[in-house]
Amino acid sequence: MATIKFILQSKSESSQIYLRLSLNKSESFKRKTGYTINAKDWSSTSGFPKANNPSNKNLKVDLKNLEIFVLKNLNISKSEGIEITSSWLAKTIGEHFGEVEETETDYLIPYTQKFIDRLKNSTSSTGKRGVSEATIKKRITIQNKLIKFQKSINKKLKVKDVDLNFREKFIEFLDTEEKLSEGTIGKYLKEVKTICFDAQKNGVEVSPKLIHFKGFSAETYKITLSFEEIKQIQKAKLNDINLKGARDWLVIGCYTGQRVSDLLRMNIEMIDTIQSFEFIVLHQKKTGKLVQIPVHPKVKEILNTNKGAFPKVFSFNEGSNSALFNKYIKEVCEIAGLTKLTKGKLRNKKSGRTEVGEFPKYKLVSSHICRRSFATNFYAAEKYPTPLLMNITAHGTEKMFLSYIGKKPIEYGVQLAKIWQSEKLK
């Protein structure tokens with residue numbers, strides 16, 4: 001049977017009181033209790049302070065309570081198969097006094113790494129195991145920003161340090177040091193909060209102010225190409241083979257509504273015939289969703305002029321391929337005469353910051369214009385039901401789809417009113 005005895009190891013006026021836990025005749029552990037006493041006031045017979053003054057009487061009660069706490073936890077630990085060691089004893093004594101042993105995951109950077117490592121076993125929006133490479137890369141980018149921020153303030157951050165004061169300093173760092181756009185900063189704040197909420201679910205202490213820790217959204221300028229502008233691009237005279245390829249991919253993108261990560265990997269093997277109709281069938285790289293995109297006549301024209309194949313890519317490296325595509329389509333749109341001043345955001349190379357202003361439209365063109373143009377153009381045509389378009393773009397909700405193209409739910413009512421009006425006229 002386990003026993004506990006309190007002992008002194010010196011005869012000084014402030015002798016440390018030790019707790020000795022004996023599990024059996026041959027196995028015992030000893031640790032400081034944190035209490036001290038004048039050795040003259042200690043009874044070696046009873047193993048407790050002498051009851052010669054109120055202070056010593058209270059100390060005896062405290063030691064009794066500690067004894068009960070240790071024995072209670074000893075029984076629990078044994079029943080759970082936990083090994084009893086001197087470290088266990090020290091930890092248990094600390095818990096009695098409200099001390100919590102810090103672990104690596106109490107700190108923000110190590111916990112973020114743990115969060116990233118667990119993504120491979122998380123459940124995606126499609127119900128499958130794991131997430132896309134893009135999602136993992138996004139979290140790694142945030143972790144790198146946190147590492148830089150921690151270094152800049154010369155402090156090892158804990159998860160519980162993520163409070164409103166952290167928020168202000170982190171915003172300042174991302175703005176002045178990293179020169180990130182307002183929208184990107186807002187997204188990073190949301191991601192940090194997500195990581196901290198995940199830590200809280202796993203028993204890590206967080207700041208009570210975390211609930212008030214919020215990100216924000218910046219105004220998005222939705223740059224699109226109308227059907228007329230797409231025709232204008234198709235008519236442009238191009239001499240460079242890369243520009244011709246970029247134009248073909250741009251047109252295909254505007255009629256398939258896919259992200260550049262899916263657009264530039266389309267190939268003839270993805271085309272499937274279903275009930276005499278041709279479809280481009282692929283699993284989206286970002287979401288994992290299966291989409292079946294009818295081959296539009298404009299896309300079919302490009303395939304026919306290319307002997308049934310999709311245009312050649314610019315590089316076999318995904319990142320380089322996307323970067324070159326972005327570069328070439330700006331040149332294509334400039335040659336096509338898309339120079340009308342358009343409000344948007346553009347990175348100032350001198351300051352390194354993203355600025356809002358009016359710029360020639362071709363400068364605002366990027367690969368994302370494909371997906372947004374598809375959604376906007378066909379939604380405006382009204383004869384295409386929104387769920388059909390959402391099936392191609394793979395937006396999860398109509399609210400997300402409408403926000404993406406800059407429309408408000410009230411416009412559904414306008415569409416319905418037009419339909420009823422046409423039926424009345426008939």
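Here, each number is a calculation from the coordinates, and none is a lab measurement. This is a predicted model, so every value here is computed, not measured. Using ideal geometry, Cβ is built from the backbone for each residue, glycine included, and neighbour counts are taken over all protein chains shown.
Proximity of backbone amide H atoms, modeled 1.01 Å from N, is registered between Tyr107 and Val159 at under 5 Å, excluding neighbours fewer than 5 places apart on the same chain.
Within region 167-242, which trypsin sites (Lys or Arg not before Pro) sit in a loop by DSSP and count at most 15 neighbouring Cβ atoms inside 10 Å?
In loop regions of region 167-242 (DSSP not H, G, I, E or B), the sparsely surrounded trypsin sites (Lys or Arg not before Pro) are Lys179, Lys209, Lys214, Lys237.
Computed with the Debye formula from one identical point scatterer per Cα of region 104-212, without solvent, the log10 of I(q)/I(0) at q = 0.17, 0.19, 0.24 Å⁻¹ comes to -0.81, -1.01, -1.47. Between Ile140 and Tyr221, the distance separating the two model label sites (each 7 Å from Cα on the Cα→Cβ line) works out to 3.2 nm. Counting charges near Ile230 (Lys, Arg +1; Asp, Glu -1) among other residues having Cβ under 11 Å from its Cβ returns a value of +2.
Once backbone amide H atoms are built at 1.01 Å from N, Ser28 has Leu23 as its partners under 5 Å, excluding neighbours fewer than 5 places away on the same chain. The mean sequence distance of close C-alpha pairs (under 8 Å, at least 6 residues apart), as a share of the length of region 104-212, puts its relative contact order at 31 percent. Label sites at Ala323 and Asn239, each approximated as a point 7 angstrom past Cα along Cα to Cβ, lie 2.7 nm apart. Across the chain, Cα pairs under 8 Å and at least six residues apart give a relative contact order of 11 percent.
One decimal place: the segment Asn391-Glu301 gains 30.1 nm when fully extended, by the rule 0.36 nm per residue minus the C-alpha distance. Once backbone amide H atoms are built at 1.01 Å from N, Ser43 has Phe48, Lys50 as its partners under 5 Å, excluding neighbours fewer than 5 places away on the same chain. Between Asn154 and His212, the modelled labels are 2.9 nm apart [label points 7 Å from Cα along Cα→Cβ]. Listed by chain and number, the aspartates and glutamates whose alpha-carbon sits under 14 Å from that of Lys156, ignoring those within fewer than 8 places in the same chain, are Glu102, Glu104, Asp106. Looking at region 227-420, the pairs of alpha carbons with a distance over 30 Å make up 23% of the total.
Taking the Cβ-Cβ separation of Leu119 and Asn24 as r and a Förster radius of 60 Å, what is the calculated FRET efficiency to the nearest 0.05? Present the calculation step by step, with values, prior to reporting the outcome.
Details: r = 47 Å, r/R0 = 0.78.
E(calc), rounded to 0.05, equals 0.80.
The phi torsions of region 356-363, fed into the Karplus equation with coefficients 6.51, -1.76 and 1.60 and a -60° offset, translate into couplings of 8, x, 9, 9, x, 3, 4, 6 Hz, rounded to whole numbers, with Gly and Pro shown as x. Which FRET efficiency, nearest 0.05, do Asn202 and Asn267 yield, Cβ-Cβ r, R0 30 Å? After rounding, the FRET efficiency stands at 0.10. Can you tell me what percent of all Cα-Cα pairs in the chain are more than 38 Å apart? Of the Cα pairs, 48 percent sit more than 38 Å apart.
Applied to region 139-155, the Karplus parametrisation 6.51 cos²θ - 1.76 cosθ + 1.60 on θ = phi - 60° returns per-residue 3J(HN,Hα) values of 5, 5, 4, 5, 4, 5, 5, 5, 4, 5, 5, 4, 5, 5, 9, 6, 8 Hz, with x for Gly and Pro.
Extension gain for Thr184-Asn52 works out to 40.7 nm (0.36 nm per residue, less the C-alpha to C-alpha distance). Calculated FRET efficiency, Ser403 to Arg347, Cβ-Cβ distance, R0 = 30 Å: about 0.80 to the nearest 0.05. Report summary: the helix-based calculation at 222 nm, which adds -39500 (n - 2.57) for every DSSP H run with n ≥ 4 and divides by the residues of the chain, gives -15000 deg cm²/dmol.
Note on the chain: with a GNM built from Cα contacts shorter than 10 Å, the maximum mean-square fluctuation among Ala199, Ala39, Ala380 falls on Ala39.
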